[in-house]
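Written out below as structure tokens is the structure these notes cover.
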């Protein structure tokens with residue numbers, strides 16, 4: 001791959017029937033572009049978890065993948081309620097999902113920890129009442145990030 005390639009999807013909040021479509025299309029794009037399987041797998045986890053967070057917690061938003069020869073950057077942007085306590089939200093098992101969402105099998109509190117585990121670099125900017133921007137980066141070459 002010689003240049004920058006970008007795909008973007010609008011994700012609707014509470015649309016569980018369409019949940020996962022954007023992350024699946026991003027995975028197919030990565031495969032089509034020849035991104036190695038281990039990176040595609042990590043990216044799939046990141047994009048799926050980010051997409052589900054948009055569906056469950058924020059009323060929807062934008063999921064974007066930016067692919068360059070050096071790295072993959074995944075962005076999830078919303079105008080939801082924001083994350084009041086980011087340290088708490090990063091703990092495995094912590095969730096603010098409703099009982100309805102949990103009854104559907106979602107909201108186990110693994111989304112952000114799974115995103116962090118599969119990213120080389122993770123940045124989350126969140127303002128209460130304004131929304132959240134999550135930026136996860138996966139480098140294509142070892143030693144370019146601080147994985148974890």
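The values are calculated or read from the model by the stated rules, or taken from the named source; none is laboratory data. The structure displayed is predicted, hence computed values, not measured ones. Methodologically, a virtual Cβ is constructed for each residue, glycine included, from the backbone with ideal geometry; neighbour enumeration extends over all protein chains shown.
Output the residues belonging to segment 98-119 that are part of a loop (DSSP other than H, G, I, E, B) and touching a helix residue (DSSP H, G or I) at 6+ places or on another chain (Cβ under 9 Å). Matches in segment 98-119: 98, 106, 107, 108, 109, 110, 119.
If you scan segment 109-146, which residues turn out to be out of contact with any strand residue (DSSP E or B) (no Cβ under 9 Å at 6 or more places or on another chain), surrounded by fewer than 13 Cβ atoms within 10 Å (Cβ to Cβ) and free of Cβ contacts under 8 Å to residues at least 40 places away in the same chain? If the condition is that a residue be out of contact with any strand residue (DSSP E or B) (no Cβ under 9 Å at 6 or more places or on another chain), surrounded by fewer than 13 Cβ atoms within 10 Å (Cβ to Cβ) and free of Cβ contacts under 8 Å to residues at least 40 places away in the same chain, then 142, 143 are the ones that fit. Considering only segment 25-48, state which residues are within 20 Å of residue 14 (Cα to Cα), surrounded by fewer than 23 Cβ atoms within 10 Å (Cβ to Cβ) and touching a residue at least 60 places away in the same chain (Cβ under 8 Å). Scanning segment 25-48 gives a single hit, 45.
Taking the options 46, 66, 62, name whichever one is modelled with pLDDT of 95 or more, under 19 Å from residue 125 (Cα atoms) and over 11 Å from the mean Cα position of the chain (by Cα).
Values: 46 fails: over 11 Å from the mean Cα position of the chain (by Cα); 62 fails: over 11 Å from the mean Cα position of the chain (by Cα).
Among 46, 66, 62, only 66 is modelled with pLDDT of 95 or more, under 19 Å from residue 125 (Cα atoms) and over 11 Å from the mean Cα position of the chain (by Cα).
Tell me whether segment 89-101 contains one or more residues that are within 15 Å of the chain's Cα centre (by Cα), surrounded by 15 or more Cβ atoms within 10 Å (Cβ to Cβ) and farther than 19 Å from residue 48 by Cα. Give the steps one after another, and end with the answer.
Initially, segment 89-101 is screened for residues within 15 Å of the chain's Cα centre (by Cα), giving 89-90.
Retained after the next criterion (residues that are surrounded by 15 or more Cβ atoms within 10 Å (Cβ to Cβ)): 89-90.
Subsequent filtering for residues that are farther than 19 Å from residue 48 by Cα retains none.
Looking for residues that are within 15 Å of the chain's Cα centre (by Cα), surrounded by 15 or more Cβ atoms within 10 Å (Cβ to Cβ) and farther than 19 Å from residue 48 by Cα, one finds none in segment 89-101, hence no.
Once segment 1-24 is narrowed to residues that are loosely packed, with under 14 Cβ neighbours inside 10 Å and farther than 19 Å from residue 60 by Cα, the residue that is farthest from the chain's Cα centre (by Cα) is 2. The residues in segment 49-72 that are crowded, with 19+ Cβ neighbours inside 10 Å and over 20 Å from residue 83 (Cβ atoms) can be counted, and the count is 3.
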